[in-house]
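A short worksheet on the structure shown next.
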């Protein structure tokens, strides 16, 4: 066993026998911010849903995306690697047809 080195200048800072290192102890579980926020959100979930619907009715795109993701999942996203077929990450949302001309229409002109 290693020899104990005497440090008399630290003597006043040593804990006394029976002295508690953390007198207040660990904080009670459930008093953290995240837990309190979750309880408040769960208590008011109907009001939150109605507020989200109102934002969707006003045309708030972010609110529409959030509501859609809640109901149908994330928006379809693909990854393309050179020389390989695209990889579909999520495919819950159907394709939306637009009146935008395709690349073929643009190059034909």
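Odds and ends about this structure:
- Inter-probe distance in nm under a simple model that places probes 7 Å from Cα toward Cβ, at residue 35 and residue 62: 3.0
- Each label was represented as a point 7 Å from its Cα along the Cα-to-Cβ direction; for residue 48 and residue 70 these points are 0.8 nm apart.
- The fewest-to-most ranking of 55, 70, 26 by surrounding Cβ atoms within 10 Å reads 26, 70, 55.
Throughout, read-outs are computed from the coordinates displayed, never taken from laboratory work. In this text, all values refer to a predicted model and were calculated from it rather than measured experimentally. Here the Cβ is made from the backbone with ideal geometry for all residues, glycine too, and neighbour counts use every protein chain on show.
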